[in-house]
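Worksheet: the structure to be examined is printed underneath.
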Amino acid sequence: MDIRPRHTKLLSTAAVALITLSATLTATTPAAAAAGRTRLGSTADVTRASWQGPAFTMNGDGKINASSMAAAVDAIRGGTGSLDVVVLAGSAPTSGSPTPECDAALVLPGVNSCTSWTLTAASDGNNSQVNADIRNAEFVYFAGGDQCRYAAWKGTALEASVESVVAKGGGSGGGSAGHHINSPLVYDACKGGVTSAEALANPYDSYITFTTGMFSWPNYAGVINDSHFTTRDRMGRTMAFVARTIKDGLTSGGKAWGVGVEEGSSLLLDKNGLATLYGKEAFVIQGDHQPEQTTSGKPLTFSNYKIWRLGPGQTYDFKNRPTCGYYLRSVTAGVIDSDPYTGTPQTSCGTTGTPATLPETEPNDTRSAANGATAPAYPANLTGTMKSTTDRDYFRIALSAGDKLSVGCAIPDAYDADLYLVDADGSTISRSVNDGTGADESLAFTRTAAGSGTYYLELDAYQGSGNSLYTCALTKS
C-alpha cells in the first residue's frame, strides 16, 4: 500500500471557507458490510445532458496529481460547470486523512463532490450503492494499494459502471495500483511482486501473472502499465512483461507497449489519444517482434526495444503511435545492454511533442520586468532558480477566451518554491503552495471572459535557495 504524506500550508480565508462548506461528511453503511463510504462536498449529484471527455490520468504513485487531474476535470466539463468524482480503494489509509484522494480532488476547480469507497471484498463490486455512485459520477479514480483486489472486480457490476462513465464522456484514472488497473493488460501481482532482476532472469516467474479484458480505453490498446518506475528500477520487468505479452499472443499484430510512469508524475490521456506528461518523467517501451528467447526458467533475450522518454510537458500520441524519437535497448541472457533510462534517439521527430524551453532572464522579480512566455507553441517549459530566499520570478502569458492553461512545476530538493497565477492587476487567480523542499507545484485555469488578457506566472521562494533549476511545464488547449 502507498503511504501518502500530507503536508499543507495555511490556506486563504476563502479556501478555508470553501472547504468548511463543502466537506460535509456522510458516512453510511451500505448493503455489504465490508464496504465503507464517505462523501465530501455537495450531497447532490450534478445532472447534465452531455460531457466532453473522455480523459484519463495515469499516475506513477498513489497520490492525485493536481495539475493533470485539474486538466482532466476541465476537459470533461468543457471548462464550465462542475462534476462528481468517485474514489475506489481496496483498503483504508494507515495514517493521516481517511480520504486523501478526495481531499485533493475537492479543492480543484469544477469538482462538485467526491465520494470515497473502501471495498475489501470482490463481492463489493456488486454493491448497489457503490455502482449507483459510480454511474452518477463523471470521473472514477482508483487509489494506490493492491491491484489484485481491483482485478477481482472484473465481471462484476462495478466494471460495467466504470465503463459507463467513460462512455458518457467522463473519465477514469489512478495511481500506483490504480495506474496498473487502467491498462488493458494488467500485471495483477496476485501471486506476489516481482523485481526487474527476477523478471529478466525468468519471464515466466510464477509471480508474473496478468489480468486481461477488464478495461480497454480508447486509443490505449496493447498497453501494460507500470508505476514507481525509475525510483524502483522497473524498466527490466516491464521489458519482460512486453516480451511475455507478445509471446503469449495477448495483443494483436505482434506488438506491445509498456507505459512506465515515475513517482510524482502523471500522464493525461485526452479523448484524441494524446498523452501529456505532468511531472518528472515517463517511458513508453515498445516491442514489435517475437522475442529471441522467452522460455520458462531461462533468461530473457529480446533485441531492440524502442523506448521513448517523456520529460515535463512532452507528449506521446497513442492514436497515431510515432515511428520516430525513440532510442534502442536490447536484453541478452537477462542483461540489458546499457542504461535503459536514457539514450540518444535513433531518429528525430522534429519539434513534435518536444516543448520549447524558456530559461528565465534576470531581473524578472516584478510583473513589469516579467519574462515574456507568449511566443512559443505549447507545450513549453519555463526554467529558472530561486537564487535567494527572497527571489521571485515572473513570466508573462496571454490567454484568449476559452483557453485552458495547465502548469506543473518540478521543484528541486534545494528549496521550497510556491506557484501563483495572477492577473494584470496582481490579483491571485490560482495558486499552489505545497509544503516542503522539493515539493512540486501545479495549477490549472480556464479563461471564460471574452477577448484576451494578460496573466503572470509567479514563482516565489518560500524556504531555502540554490542554483538548481526548477522546470515548469505549460500546456494550453
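The values are calculated or read from the model by the stated rules, or taken from the named source; none is laboratory data. Only a predicted model underlies this, so the values are computations on that prediction, with no experimental measurement involved. In this analysis, Cβ positions are derived from the backbone assuming ideal geometry, glycine residues included, and neighbour counts consider all displayed protein chains.
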Item to complete: Considering only region 423-477, state which residues are out of contact with any Pro (no Cβ under 9 Å at 6 or more places or on another chain), of a type in the set (S, T, N, Q) and either crowded, with 19+ Cβ neighbours inside 10 Å or assigned to a strand (DSSP E or B) (or both).
Response: THR428, SER432, ASN434, SER442, SER452, THR454, GLN463
Fill in: region 265-296: number of residues that are part of a loop (DSSP other than H, G, I, E, B) and under 13 Å from the mean Cα position of the chain (by Cα)
5
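Yes/no matrix, rows are residues, columns are (1) in a helix (DSSP H, G or I); (2) surrounded by fewer than 23 Cβ atoms within 10 Å (Cβ to Cβ):
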{"site": "VAL86", "(1), (2)": "no, no"}
{"site": "PRO93", "(1), (2)": "no, yes"}
{"site": "SER97", "(1), (2)": "no, yes"}
{"site": "GLU101", "(1), (2)": "yes, no"}
{"site": "ASN112", "(1), (2)": "no, yes"}
{"site": "SER116", "(1), (2)": "no, no"}
{"site": "VAL130", "(1), (2)": "yes, no"}
{"site": "ASP133", "(1), (2)": "yes, no"}
Discussion item. I need a count of the residues in region 185-203 that are under 23 Å from GLU101 (Cβ atoms) and either without any contact (Cβ under 8 Å) to a residue 40 or more places away in the chain or charged (D, E, K, R) (or both).
Written reply: 3
Worksheet, complete the sentence: Scanning region 164-209 for residues that are more than 23 Å from the chain's Cα centre (by Cα), under 18 Å from ARG232 (Cα atoms) and among the charged types (D, E, K, R) gives GLU198
Practice prompt. Hey, can you tell me all the residues within region 276-305 that are in contact with a Pro (Cβ under 6 Å, 6 or more places away or on another chain) and β-branched (Val, Ile, Thr)?
Written response: THR294
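Quick check on region 60-68. Is at least one of its residues touching a Lys or Arg at 6+ places or on another chain (Cβ under 9 Å), assigned to a helix (DSSP H, G or I), outside the structural domain of LYS271 (by TED's automatic domain parsing) and not aliphatic (A, V, I, L, M)? Before you say what the answer is, go through the steps one by one.
Within region 60-68, the subset touching a Lys or Arg at 6+ places or on another chain (Cβ under 9 Å) is 60-63.
Cutting the leftovers down to assigned to a helix (DSSP H, G or I) gives us none.
No, there is no match, as no residue in region 60-68 is touching a Lys or Arg at 6+ places or on another chain (Cβ under 9 Å), assigned to a helix (DSSP H, G or I), outside the structural domain of LYS271 (by TED's automatic domain parsing) and not aliphatic (A, V, I, L, M).
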Worksheet item: What number of residues within region 396-420 satisfy the criterion of being polar (S, T, N, Q) and over 18 Å from TYR278 (Cβ atoms)?
Response: 1
Worksheet item: Got at least one residue in region 330-353 being assigned to a loop (DSSP other than H, G, I, E, B), buried (at least 22 other Cβ atoms within 10 Å of the Cβ) and of a type in the set (A, V, I, L, M, F, W, C)?
Response: no
Worksheet item: Does region 297-312 hold any residues that are farther than 30 Å from THR471 by Cβ and part of a strand (DSSP E or B), and which are they?
Response: THR301, PHE302, SER303, ASN304
Worksheet item: Does region 432-457 hold any residues that are of a type in the set (S, T, N, Q) and under 12 Å from LEU421 (Cβ atoms), and which are they?
Response: SER432, SER442, THR446, THR454
Worksheet item: Could we say that PRO291 is closer than 27 Å to SER477 by Cα, outside the structural domain of SER68 (by TED's automatic domain parsing) and touching a Ser or Thr at 6+ places or on another chain (Cβ under 8 Å) here?
Response: no
